[in-house]
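Some notes on the structure that comes next.
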Amino acid sequence: PSLSQEQRARGIGADAARGREGLWPPASARKEAAFRARGGHRPLKERMASEANPAHDGPGEAEGEAEVLRSQGNDHFKAQRHEEAAECYRQALRLLNDSVGAASAPLTPLGQAVRLNLAACLQRLGADPEESVQLCSEVLAADPLSAKAFFRRGLAQRDAARAAADAASKRDALVAARRDLREAARLEPSDRQLRAQLDEVADELKALGGAGLGLGGLYDDREIQEPPPPPVVCSNCGREGHPLCGRALWVAQRAAWLGMPVSEVDRDPPSFEDDGTLRAAIRAARGEGAENAAGTGPGESGASDSDALADLEADGESLSETEYEMLEDCLCAIDRPYPQLKRKLALPRAVRCAEQLWDEVG
């Protein structure tokens, strides 16, 4: 049965009275009890409202305020108001540290940007370089490939070197600055400003006597390579890529094959009917060996010309059937690569083989 309006009103009033007297939990207490009974999960309607307005959450609201402060700091920095910019960055950093913890703040891109911007302000203001080094180191702990962090830390190390009292501390700081700047240059090889700073640090190191330590430039850690040899130029045609060509190459190869001087091989006979002096020079060279072997003196003929020529053609050993076939293949070849012989042969032997081939073909 339905309740009358008077009964419903009486019941609502009784509930309110019980709540005032502590006999019945009020609505807020009942809602909190239901929230805990669900294991701490908020109702769907409340979660959707919270997700639609993330700026009202704790960390999200702090990050939004930090982003506003970073934007204000950027405007001050562009206007050369470095003190105001640094103060904005410090406030943004404090908000991030208070909301998510100082250890995890650099893990966010906003935390990294705020630290690097603050380090840039401190360097412009001439503040203690150690704070800039610490800020950049925190960024590098989160992003080891941050070229900007290496660059900022390298500049801070350079400033620390310039403020150092003794030469040893100055050299150590410059070495650290060069290491960071060189790493930044490897990550950003096209940045001219970065390379200019690196060269400046290298010059300061050289002035301290660090040139012998391999601390001069960007690639001093590489091994020094010998310069490449000059290109080969042909002495006959003047072109690059080969030392000799044409007749000069043929004469040089023939002289090496015969074991005779190039000047002797290059001497042409006066006419086609004349045998020239090459054969006589070869006979004389082989005849001297025969004279020494026979014990005859100079001017005495230990062997006739025909015997010397026979010795020349014999070449000490007879050719096997396989070697003879290889010689025929070499003489008949017209395309590269030409067949190779197993050993050197006297020219007359090759000529006699060629004549036999021509007789067979003809």
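Please identify the trypsin sites (Lys or Arg not before Pro) of the stretch 316-349 that satisfy two criteria: DSSP loop assignment and at most 12 other Cβ atoms within 10 Å. Which are they? Can you show the working numbers first?
Numbers: sites: K342, R343, K344, R349; in loops: K342, R343, K344.
Loop-located and lightly packed - K342, R343, K344.
In this simple spin-label approximation, R239 and E273 carry label points 7 Å from Cα along the Cα→Cβ vector, and these lie 4.1 nm apart. How high is the FRET efficiency from R124 to Q193, r the C-beta distance, R0 25 Å, rounded to 0.05? Calculated value: 0.95.
Net charge dipole, the stretch 119-205: roughly 220 debye, given to the nearest 20, about the Cα centre with Cβ charges of +1 for Lys and Arg and -1 for Asp and Glu. Between L145 and S318, the simple spin-label model (points 7 angstrom out along Cα→Cβ) gives 7.7 nm.
Modelled label positions at A333 and A168, each set 7 Å beyond Cα in the direction of Cβ, lie 7.2 nm from each other. For the stretch 110-115, 3J(HN,Hα) computed residue by residue from phi via the Karplus equation (6.51, -1.76, 1.60; θ = phi - 60°) reads 5, x, 5, 4, 5, 5 Hz, glycine and proline entered as x.
Under the 0.36 nm per residue contour assumption, what length would be gained going from the current alpha-carbon distance of R90 and E360 to full extension?
86.9 nm
Backbone phi angles across the stretch 329-334, fed through the Karplus curve with coefficients 6.51, -1.76 and 1.60 (θ = phi - 60°), yield HN-Hα couplings of 4, 5, 6, 8, 5, 10 Hz in residue order; Gly and Pro are listed as x.
Along the stretch 230-240 the Karplus relation, 6.51 cos²θ - 1.76 cosθ + 1.60 evaluated at θ = phi - 60°, assigns HN-Hα couplings of x, x, 6, 10, 5, 6, 9, 9, x, 8, 8 Hz to successive residues, with x for each Gly and Pro. Please report the net charge: other residues with Cβ closer than 9 Å to the Cβ of C136, K and R +1, D and E -1. Residues close to C136 contribute a combined charge of +2.
Read the figures in this text as sums done on the coordinates, not as results from a lab. Remember, it's a predicted structure, so these values are computed and weren't measured experimentally. So basically every Cβ, Gly included, is an ideal-geometry build from the backbone, and we count neighbours across all protein chains shown.
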